[in-house]
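Visitor: What follows is a single structure, and I will ask about it in a moment.
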Amino acid sequence: MGFRWTSPLAQVLAVGVICFCCPGMFNALNSLGGGGQVDSKVGQNANVALYTCFAIFGLLSGAIHNKLGPKWTIFIGCLSYVLYVGSLLCYNHTKAGAFTIASGGILGVGAGMLWTAQGAMMMAYPREQDKGKFIGYFWAIFNMGAVLGSVIALAINFNVTEVQSLGDSTYIVFLVIMGVGTLTALSLAPASSVTHSNGDHIKIQEFPTWIGEIKAILRLFLEWRMLVLIPMFLSSNWFYSYHFSTVNGRYFSIRTQSLNNILYWASQIGGSYSFARVLDYQGVNRRTRALWGLAIISVAFIATWVGGIFFQRTYTIDMPKPNHDFKEGASYVGPLFLYMFYGLNDAAWQTYIYWMMGAMSNDATVLSRYAGFYKCIQSCGAAISWRINAVGTPYMTELIICFALLGLSVPGALFLAARIQDHSDEDLEPEKDIQEMKF
């Protein structure tokens, strides 16, 4: 069969392109430390506002997506990314930190909507044996956006070795790319129109009343499978403040930060896609793959973060900014590879989370709630970690907190992985809530 815009793969690839343009560009900026500003406090506090609002609206966004559908939920979310980058451009001229921080809060609302819709599509649209593959495809396209954004930042700032903010031209290019992604969101098909090659529709429940939807969301706090994954959810973005502000933003020159980020996000592409293929391997049952996957990411993060402890001992928060540059040669290679492995581990960690949630259901309505719950807990962790970073916590303390949270995630994930079934449970929602009259 030829190309169909309403096929599951086409729709997931489309949302990958949208995230390439919007969250991908945002990640390129955010990973420079402080959104590319010398005064990183503004960017750090904007991130606190962002993830605080993200936590609240991430939880509610499942209901919003189930009512509005993916097109409008993602379109509204994309607009908030455009506003945030516009506020950084404005800050270059006005130093209006309050506007940037407020835009960060608005971005939190929009990001909650976008990522909940994206998560539902990525987990619900593929067939069970292809869920890892679809996650890998999405993650590769999405992170190409951050790679491109970092290439743009490097090209524009290649001759800048002293400490200074990104120029207007960088922000303007990012705004244009985000605008393209925002318009692309309008082309997404309704979930009810998406069909597999044999004509089967994806599974989606009829929207209940708003009360019924809120009840279904609140029941997630009593769902044991969600509860045991909370430490994993919490840790999954906690380390970004350490990676982007403490390591990349603090240790390297501005152009080297951009080069580092090209390789950080490129490592995520390879890490997610290759790990997703392991999770989809059909030679063993799904429970075995879940256990294998957990073992792989556990060994990987332990090795990487132990290496990080040795690296972190080379500089502290009380020292002047080292401003190391890639032209230093051999002394740059070790920190670069550590930073790349941080990125690879992040991609594998989040790929595993999405794959585990996708193994619980095939229903887009249910999975949108799961995605919203995940993003709620994840953003709570990110808000706390960015605040810890903003108040001047010693760097080694930041690292130990990140490492400890990752370690504490393993028991709950192991408990669930040992109980994963070969086929998803489709009877997660009580029928009485599904059959309530529409609002």
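The values are calculated or read from the model by the stated rules, or taken from the named source; none is laboratory data. Treat the numbers as computed from the prediction; the structure is a model and nothing was measured. Every residue, glycine as well, gets a Cβ built from its backbone with ideal geometry; the counts of neighbours run over all protein chains shown. Just so you know, the surface numbers come from the protein's heavy atoms only, side chains and all, with ligands and any DNA or RNA stripped out. Shrake-Rupley method; radii C 1.70, N 1.55, O 1.52, S 1.80 Å.
Visitor: Could you work out the helix-only [θ] at 222 nm for the chain, with each DSSP H run of four or more residues adding -39,500 (n - 2.57) and the total divided by the number of residues, to the nearest 500 deg cm²/dmol?
Guide: -24000 deg cm²/dmol
Visitor: Measuring from a point 7 Å past the Cα of Ile214 along Cα-to-C-beta, which residues in the range 99-138 have an amide N at less than 19 Å?
Guide: Label zone hits: 113.
Visitor: A further question on this structure: Using the Karplus curve 6.51 cos²θ - 1.76 cosθ + 1.60 with θ = phi - 60°, work out ³J(HN,Hα) for each residue of the range 256-272 in order, rounded to whole Hz, and write x for Gly and Pro.
Guide: 5, 4, 5, 4, 4, 5, 4, 7, 4, 6, 5, 5, 5, 4, x, x, 5
Visitor: Tally up the carbon and sulfur contribution to the accessible surface of the range 278-341 as a whole percent, 1.4 Å probe, everything protein left in place.
Guide: So the carbon and sulfur contribution to the accessible surface is 70 percent.
Visitor: How about Lys321: which lysines have a C-alpha closer than 17 Å to its C-alpha, ignoring those fewer than 8 places off in the same chain?
Guide: By straight Cα distance, Lys321 reaches Lys41.
Visitor: What are the semi-axes of the equivalent ellipsoid of the range 133-198, taken as the square roots of 5 times the eigenvalues of the Cα gyration tensor, listed largest first and rounded to whole Å?
Guide: One finds semi-axes of 35, 15, 7 Å for the range 133-198.
Visitor: Just flag the chymotrypsin sites (Phe, Trp or Tyr not before Pro) in the range 94-195 sitting in loop per DSSP whose Cβ has no more than 13 other Cβ atoms within 10 Å.
Guide: For chymotrypsin sites (Phe, Trp or Tyr not before Pro) across the range 94-195 that sit outside H, G, I, E and B with at most 13 neighbouring Cβ atoms in 10 Å, the list reads Phe158.
Visitor: To continue, here is another question. Most fluctuating residue of Ala276, Ala390, Ala155 in a GNM of the chain with Cα springs under 10 Å: which is it?
Guide: Ala155
Visitor: Can you tell me the accessible area per residue over the chain, all protein chains present, probe 1.4 angstrom, in square angstrom?
Guide: Result: 36 Å² of accessible area for each residue.
Visitor: Across every pair of different alpha-carbon atoms, what Kirkwood hydrodynamic radius in Å does the range 158-312 reach?
Guide: It is 20.9 Å.
Visitor: Taking the Cα centre of the range 266-419 as origin and charging only Cβ (+1 Lys, Arg; -1 Asp, Glu), how large is the dipole, in debye to the nearest 20?
Guide: Using Cβ point charges on Lys, Arg, Asp and Glu, the range 266-419 gives about 420 debye.
Visitor: Could you tally the net charge around Tyr240, taking each other residue with its Cβ under 15 Å from the Cβ of Tyr240, Lys/Arg +1 and Asp/Glu -1?
Guide: Taking every Cβ under 15 Å from that of Tyr240, the sum is +1.
Visitor: Now, a different point. Compute for the chain: radius of gyration divided by Kirkwood radius, i.e. Rg/Rh, restricted to C-alpha atoms, rounded to two decimals.
Guide: 0.96
Visitor: Using the alpha carbon gyration tensor of the range 141-243, what are the three equivalent-ellipsoid semi-axes (square root of 5 times each eigenvalue), largest first, in whole Å?
Guide: Output for the range 141-243: semi-axes of 39, 24, 14 Å.
Visitor: Still on this structure: Does the range 1-151 come out rounded, prolate or oblate by the C-alpha gyration tensor, with a ≥ b ≥ c the root eigenvalues, rounded set by a/c under 1.5 and, if not, prolate when a/b is larger than b/c and oblate if not?
Guide: Prolate is the answer for the range 1-151, as a/c is 1.5 or above and a/b outweighs b/c.
Visitor: Kirkwood hydrodynamic radius, the range 331-388, all distinct C-alpha pairs: what's the number in Å?
Guide: In the range 331-388 this quantity evaluates to 13.6 Å.
Visitor: While we're on this one: Using only the Cα atoms, work out Rg/Rh for the range 271-319, with Rh taken as the Kirkwood radius, to two decimals.
Guide: 1.26
Visitor: Kindly identify the range 217-286 as rounded, prolate or oblate by the Cα gyration tensor criterion: order the square roots of the eigenvalues as a ≥ b ≥ c, call it rounded if a/c is under 1.5, otherwise compare a/b with b/c, prolate if a/b is larger, else oblate.
Guide: Oblate, because a/c is 1.5 or more while a/b does not exceed b/c.
Visitor: In the full protein assembly as shown, how much of Glu206 is accessible to a 1.4 Å probe, in Å² to the nearest 10?
Guide: 110
Visitor: Would you kindly derive the ³J(HN,Hα) couplings of the range 52-58 from the backbone phi angles with the Karplus curve 6.51 cos²θ - 1.76 cosθ + 1.60 (θ = phi - 60°), listing them in order in whole Hz, with x for Gly and Pro?
Guide: My calculation for the range 52-58 gives 5, 5, 4, 4, 5, 7, x Hz in order.
Visitor: Another question, then. Suppose each label sits 7 Å from its Cα in the direction of the beta carbon; what would the His93-Ile56 distance come out to in nanometres?
Guide: 3.1
Visitor: Further question on the same structure: Taking only Cα atoms, what is the 0 to 90° angle, nearest 10, from helix 70-94's long axis to the longest principal axis of the chain?
Guide: Roughly 10 degrees, rounded to the nearest 10.
Visitor: Related question: Among His324, Thr100, Phe233, flag the residue with its Cα farthest along the positive direction of the charge dipole of the chain, charges on Cβ as +1 for Lys/Arg and -1 for Asp/Glu.
Guide: His324
Visitor: Quick one: if you stick a label point 7 Å off each Cα along the C-beta vector at Val284 and Glu328, how many nm between them?
Guide: Rounded to a tenth, the inter-label distance reads 4.2 nm.
Visitor: Another question, if that's okay. Rounded to the nearest angstrom and ordered from largest down, what semi-axes does the equivalent ellipsoid of the range 92-191 get from its C-alpha gyration tensor (root of 5λ)?
Guide: Working: eigenvalues 203, 69, 29 Å².
Over the Cα atoms of the range 92-191, the semi-axes work out to 32, 19, 12 Å.
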